[in-house]
Each structure stands twice: as C-alpha cells, then as structure tokens.
Amino acid sequence: MTQGVQVVGLYVRDQDEALAFYAGKLGFRVHMDVKNGDFRWLTVQHPDQPSFQLGLFVPGPPVLDAATAQTVRAMVAKGAMPPLVLVVDDCRAACDRMRAQGVEFTQEPVDRYGTVDAGFRDPSGNGWKMLQARR
Amino acid sequence: MSEGATGQDPELLRRLLRAKDRMDAASHEHWPVRRLARVSRVSEAHFARSFRQAFGVPPHRYLLTRRIERASALLRDTDLPVTEIAFQTGWGSLGTFGRIFRDVTGDSPGAIRARSRAAAQELGPVPTCHVSAAQRPDLTIAVSEKRRRVARRYKSTRGTKEMP
C-alpha cells in the first residue's frame with residue numbers, strides 16, 4: 001500500500017497508562033515513541049495491520065492551549081469522542097482474554113446480525129466496539 | 001476554574017461515564033440514584049447534579065431514552081409482542097410503557113414498528129449500535145413537561161376554533 005490512512009490519533013489522559021492498555025492488554029505493538037521536550041509522539045499498531053498506526057496523544061501544550069486541553073480531557077472522560085471499532089476473529093474469546101487483563105467492558109458479547117459484538121473502554125474513556133469478523 | 005460546561009474534573013467525569021455505561025448495558029434494570037452514585041463513587045446528593053451537568057439530562061431521563069431506544073429497536077428487529085417488549089425494557093406495566101413511549105416519540109409502539117421496518121433496509125452495513133444510538137430519542141425536556149406542552153397546544157387549537 002502506498003496511499004491511504006496511516007495514522008489516526010486518540011486523545012488519552014496519560015500516555016504511559018494508554019501504552020500499558022493498548023500494548024499490555026490489547027496486544028498492540030509500539031510503532032514509534034519519540035519525545036521532544038514535553039511532546040511525545042506515541043503510535044502503536046495492531047500486529048496484523050502494520051500499515052496503520054494508532055496515535056496515543058495527550059491534549060496539551062504546545063499543540064493545544066490549557067483551556068482547550070481541559071475541554072478535550074473532559075470530552076474524552078465523558079465518552080464523547082467518536083466511535084472506534086476493533087475487528088477480531090472470536091469476540092467471546094477476546095472478551096475473556098481482555099477481561100482477565102482487567103479491561104472495562106461496557107457491553108457483554110451479543111449475537112446479532114450474523115456476528116458477535118461487545119463494547120469496552122480504554123482507561124481514558126474512549127469507547128470501542130469489538131466486532132467478530134464475518135466468515 | 002469555574003464549573004462551566006468544561007469545568008468538571010475529568011476524573012469525576014470518567015466515573016460518571018461508568019454509571020452511564022452501566023445504565024446503557026442494563027437499561028431494563030432499576031437504577032435509583034443510590035446505585036448510580038455508588039458506581040461513580042460520589043455522594044447521592046452530588047451525583048444527580050454532576051450527571052446532569054456532564055451529560056445534559058438527569059440520570060432517570062437518560063435511562064428513559066435508552067429504554068425507548070431499545071424498545072424501538074426490538075419493535076423494528078423482532079416479532080415480540082408489545083407487552084413482552086415493555087417488560088423486557090424495564091417497564092412495570094404495558095400502560096406506562098405505551099403512555100411514555102407515545103409522549104417521547106409522538107407515536108404508538110405499533111406505528112413505530114411499521115414505520116421503522118420500512119426505513120431499516122437502508123442502514124444495513126452500519127454497525128448496529130451506532131444505528132441504534134442515532135435513533136435515540138432526543139429528550140431535552142422532561143416527559144411530564146412535553147406532555148403539558150402537547151396538551152396546551154391541543155387546548156389552544158381547540159380554543160381558536162371555538163372563538164367566533
């Protein structure tokens with residue numbers, strides 16, 4: 001692939017906590033972790049999807065002023081950020097595995113429309129839908 | 001910082017979100033403020049006010065919108081009788097369900113069932129939870145207030161007709 005979406009960023013409340021979640025509990029790998037002063041460019045990738053990076057960013061200076069950053073932190077904590085969807089081979093197995101890691105589920109796996117879906121949140125409040133791939 | 005729209009502590013908001021998530025996951029259950037406050041680890045007095053400030057509606061009205069949303073989905077996607085849907089979505093009686101449903105959506109469960117089935121075909125590939133959320137009733141005023149307003153409109157229309 002030479003063209004397409006490469007990075008989509010999420011706002012998180014703490015990058016170390018987010019890294020422990022996405023890498024430690026969800027099985028993502030660190031793609032880039034670069035610091036420049038207070039700014040830290042942190043991206044992770046799904047092991048099956050090396051061409052796409054998920055950015056884990058903290059809202060704050062120098063990119064955002066303090067008041068804007070506070071608004072963004074509140075939005076993330078209220079679960080007001082846009083939907084995220086993770087596709088897995090086996091939703092129930094993934095659920096069990098993640099729950100054992102302490103992942104906060106917002107919806108138990110449900111069979112519907114020929115597939116299975118569940119819902120979980122990252123520690124910051126970003127909400128994920130977990131869909132079982134249709135076969 | 002003042003407690004404006006964005007002034008609430010994100011740590012508190014994250015805990016309030018947990019209470020909202022719990023209502024989402026089990027909207028058919030009973031959710032008294034005491035139970036919600038415990039989920040959010042705040043006092044009962046603090047909870048209702050903080051929730052409303054954070055999410056724009058009081059917790060019980062939020063619960064109502066989720067129940068109506070779920071009932072609408074069941075009306076659209078299943079052949080369950082309306083009575084069964086009323087009980088599955090947390091109402092104690094069919095009468096209360098029908099009345100609140102009509103107050104919120106402006107239509108009866110049966111009419112919504114017929115209409116949404118005709119419209120459902122077009123949304124096929126969108127993840128169902130997002131379709132469902134998009135069809136959540138936007139209940140910005142209390143149900144009782146909505147009922148009063150409809151009644152007032154009705155009265156004033158009749159009043160006008162009777163005027164010479």
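Applying the selection to region A:75-114, what residues are on the phi < 0 side of the Ramachandran plot and of a type in the set (G, A, S)?
Those that are on the phi < 0 side of the Ramachandran plot and of a type in the set (G, A, S): A:A77, A:A80, A:A93, A:A94, A:A100.
Would you tally the residues in region B:8-28 being farther than 18 Å from B:T89 by Cα, more than 7 Å from every other protein chain (Cβ to nearest Cβ) and free of Cβ contacts under 8 Å to residues at least 24 places away in the same chain?
So the answer is 3.
Where residues in region A:35-60 are touching a Leu at 6+ places or on another chain (Cβ under 8 Å) and of a type in the set (A, V, I, L, M), which of them is nearest to A:V87 (Cα to Cα)?
Among them, the one singled out is A:L54.
Can you pull out the residues in region A:107-128 that are at the interface with chain B (Cβ under 9 Å from one of its Cβ atoms), under 10 Å from the mean Cα position of the chain (by Cα) and closer than 17 Å to B:A133 by Cβ?
A:R121, A:G125, A:G127
Which of the residues that make up region A:55-85 are surrounded by 14 or more Cβ atoms within 10 Å (Cβ to Cβ) and touching a helix residue (DSSP H, G or I) at 6+ places or on another chain (Cβ under 7 Å)?
Hits for region A:55-85 are A:L56, A:V58, A:P59, A:G60, A:L64, A:R73, A:A74, A:A77, A:K78, A:G79, A:M81.
Taking region B:16-64, which residues are basic (K, R) and surrounded by 21 or more Cβ atoms within 10 Å (Cβ to Cβ)?
Start the filter on region B:16-64 by keeping residues that are basic (K, R), which leaves B:18, B:20, B:22, B:34-35, B:38, B:41, B:49, B:52, B:61.
Correct list: B:K20 only.
Among what's in region A:35-48 and is part of a loop (DSSP other than H, G, I, E, B) and closer than 26 Å to A:Q3 by Cα, pick the residue that is nearest to the chain's Cα centre (by Cα).
It comes out as A:H46.
Mind checking which residues of region A:1-34 are part of a loop (DSSP other than H, G, I, E, B), buried (at least 17 other Cβ atoms within 10 Å of the Cβ) and of a type in the set (A, V, I, L, M, F, W, C)?
A:V12, A:L26, A:F28
Looking at the structure I just gave you, is B:D77 under 23 Å from B:D24 (Cβ atoms) and surrounded by fewer than 20 Cβ atoms within 10 Å (Cβ to Cβ)?
yes
With over 18 Å from A:G102 (Cβ atoms) and modelled with pLDDT of 95 or more as the only criterion, which of A:D48, A:D38, A:D16 stands out?
Only one candidate qualifies: A:D48.
Determine whether region B:87-103 contains at least one residue that is polar (S, T, N, Q), at pLDDT 90 or above and surrounded by fewer than 13 Cβ atoms within 10 Å (Cβ to Cβ).
Yes, some residue in region B:87-103 is polar (S, T, N, Q), at pLDDT 90 or above and surrounded by fewer than 13 Cβ atoms within 10 Å (Cβ to Cβ).
When region A:53-74 is examined, which residues are found to be in contact with a Ser or Thr (Cβ under 8 Å, 6 or more places away or on another chain) and touching a residue at least 40 places away in the same chain (Cβ under 8 Å)?
Matches in region A:53-74: A:Q53, A:L54, A:G55, A:L56, A:P59.
Going through B:T128, B:T157 one at a time, which residue ends up being modelled with pLDDT under 70 and more than 14 Å from chain A (Cβ to nearest Cβ)?
B:T157
The values are calculated or read from the model by the stated rules, or taken from the named source; none is laboratory data. These numbers were taken from a predicted model, which means no experiment stands behind them. Note that we place each Cβ from the backbone using ideal geometry, even for glycine, and neighbour counts take in every protein chain shown.
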